[in-house]
Amino acid sequence: MPKHAGGALLGILDLDRSSRLPLFRQLDNQIRQAILSSRLPLGTRLPSSRALARDLGVSRLTVVNAFQQLIAEGFLEAKRGAGSFVASGLPGSVPLIPADPAAGLQTVERQASRLSRRGKGLADCADRSTPGSSPFSPNQPAYEEFPFAKWSRLWSRCWRRPAMDLLNYGDPLGYQPLRREIALYLADARGVRCEASQVIIVSGAQKAVGLAAMVLLDPGDSVWMEDPGYVTMHELMRAQGVRVVAVPVDQEGLDVKCGVAMAPAARMAVVTPSRQYPLGVLMSLPRRLELLEWAQTNQAWIIEDDYDSEFRFTGRPLAAMQSLDRAGRVIYVGTFSKVLFPSLRIGYLVVPADLVDATRMACQVIEKAAPTIPQAVLAEFMAEGHFATHIRRMRSIYRERHDLFMDASRRHLAGLLEVHATDSGMNVIGWLERGIGDLQAQVRARADGIVTNRMSYYYFDAPPRSGLHLGFCNTPPAEIGRHVQKLGEGLESLTARD
Ligand SMILES: Cc1ncc(COP(=O)(O)O)c(C=O)c1O
């Protein structure tokens, strides 16, 4: 005698009339879940469509539609004259998903128990940054100033007369014309000494660093990372199973002597010498030479993350550290995320010639190749000179925004936030005054629609001072004053409360 679902089914079903999902869809989803979780055992007889419709207060057609769907999928079977049953031919009685929604796939505890150690490490990652661009978000370009018309013209041209090869898997090392353009650009703008064959294109700087770590490090190796530093990169390294050694940064950049004292046998140092992230310090020449010598003596690697060097407002930028490397120990990493836009997901690394083959195989195994069409469009964008024009233009736009930001800070933030002007990059630091905590300040600013980062976020331990990291590039000039004023009012309200 088959069990009758009757009231049990009603206890399981919970239809939401405000949902955009039609009622029959909700119904078939919920019955399907109940079968998969064994809450409706195999062979159970369901109430008639008429009775169920009445009990649920829905039309009979709703129930009939849901039953028909489940019959078509094989979850239910209809027996002439006897009604609808949970199909008895489903595999075993093992629940396919947990019966208790509270212990469902979504809960953190359940996830954790299903993950590898590496997966758990990633799930616990400290990088809680969310994509989005609000006034003063760090690292955000002025999207509205992107040369959309030029880009779309190149994009259409690429599709109108496509070389058929563009649709096949690309070269694992990247689209050759783009590698050539990047090599030329780097030689000219950054003093990087390389052939196009050493330029490897991947989907962003993050990927580039991960790739280098995969090729050059073993689990358990120690890696010097800047403290404070770019949190996502720290997490990336941890995910590779390496030991992250937090080396302090001073006015000359990463303190090499400290690094040696903390982990003399480190295999790699990851640095941002052109503009330390987030402090904005330029690594001095003596420090660069000291780091290079350490790497050479210890057969260690240096990752030079040159993420936003294009934006220097006065004078020429200092050449990349790679240009000083005589021993082939520097892996230079660049990205188009700041200079163009992050969703393009194109970055690159320049590796010493003897690492090209191993890196090619790593690229091949990991992702075959980065998407080719955007690379082809970008190669044209560079070859036609639009890239150089764009950098020049953005430099002057960002400089203007920086100056407006500083003017407004003097007016609205005096005594609350000591903002330091910069001659490069996309962000400034404001040190909080009057005992305001940076978490408090961040939360308050967020309530006013201003999404900044607190400086403590970037430090491994307690920061020396409370501060905010503020991007000045993504806020149109006419809005800068208003938002700085709002920020000031928010900070003022925090002091009034104390
Ligand atoms: C210091 C630093 N390095 C690397 C990156 C990552 O760049 P990508 O978007 O190319 O992965 C960022 C992005 O904000 C960054 O700030």
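The values are calculated or read from the model by the stated rules, or taken from the named source; none is laboratory data. All figures in this text were calculated on a predicted structure; none of them were measured in a lab. Every residue, glycine among them, receives a Cβ derived from its backbone with ideal geometry; neighbour counts consider all protein chains shown. Each accessible area value is taken on the protein alone, full model and side chains, heavy atoms only, with ligands, DNA and RNA left out. Shrake-Rupley method; radii C 1.70, N 1.55, O 1.52, S 1.80 Å.
Confirm whether ARG45 is at pLDDT 85 or above, basic (Lys, Arg), under 18 Å from ALA8 (Cβ atoms) and exposed (fewer than 14 other Cβ atoms within 10 Å of the Cβ). Spell out how you get there, then give the answer.
On the way: at pLDDT 85 or above: yes; basic (Lys, Arg): yes; under 18 Å from ALA8 (Cβ atoms): yes; exposed (fewer than 14 other Cβ atoms within 10 Å of the Cβ): no.
Taking the combined requirement at face value, the residue does not satisfy it.
Condition check ((1) open to solvent by less than 70 Å² (accessible area, probe 1.4 Å); (2) assigned to a loop (DSSP other than H, G, I, E, B); (3) modelled with pLDDT of 90 or more) across all residues:
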| residue | (1), (2), (3) |
| --- | --- |
| ARG39 | no, yes, no |
| ALA72 | no, no, no |
| GLY81 | no, yes, no |
| GLY89 | no, yes, no |
| ASP127 | yes, yes, no |
| PRO135 | yes, yes, yes |
So in region 273-288, with the set limited to residues that are open to solvent by less than 10 Å² (accessible area, probe 1.4 Å) and under 25 Å from the mean Cα position of the chain (by Cα), which one is nearest to TRP301 (Cα to Cα)?
PRO273
Any idea which of (1) over 29 Å from SER466 (Cα atoms); (2) in contact with a Phe, Trp or Tyr (Cβ under 9 Å, 6 or more places away or on another chain) is the one ALA265 doesn't satisfy?
(2)
Taking the condition of being buried (at least 20 other Cβ atoms within 10 Å of the Cβ), more than 29 Å from the chain's Cα centre (by Cα) and part of a loop (DSSP other than H, G, I, E, B), how many residues in region 289-307 meet it?
0
In the list ARG54, ARG32, which residue meets the criterion of being loosely packed, with under 14 Cβ neighbours inside 10 Å and either aromatic (Phe, Trp, Tyr) or modelled with pLDDT of 85 or more (or both)?
ARG54
Test TYR230 against the criterion of being farther than 20 Å from SER309 by Cβ and of a type in the set (Phe, Trp, Tyr), and give yes or no.
no
Name, by its number, the condition in (1) surrounded by fewer than 21 Cβ atoms within 10 Å (Cβ to Cβ); (2) under 21 Å from VAL271 (Cβ atoms) that does not hold for VAL202.
(1)
For region 308-348, give me the residue count where each residue is in a loop (DSSP other than H, G, I, E, B), open to solvent by 20 Å² or more (accessible area, probe 1.4 Å) and within 10 Å of the ligand (Cβ to nearest atom).
3
Among all residue pairs at least 6 apart or on different chains, which show Cβ distances below 6 Å where the first residue, located in region 229-255, is over 19 Å from MET455 (Cα atoms) and open to solvent by 40 Å² or more (accessible area, probe 1.4 Å) and the second is within 16 Å of the ligand (Cβ to nearest atom) and β-branched (Val, Ile, Thr)?
ARG238/VAL244
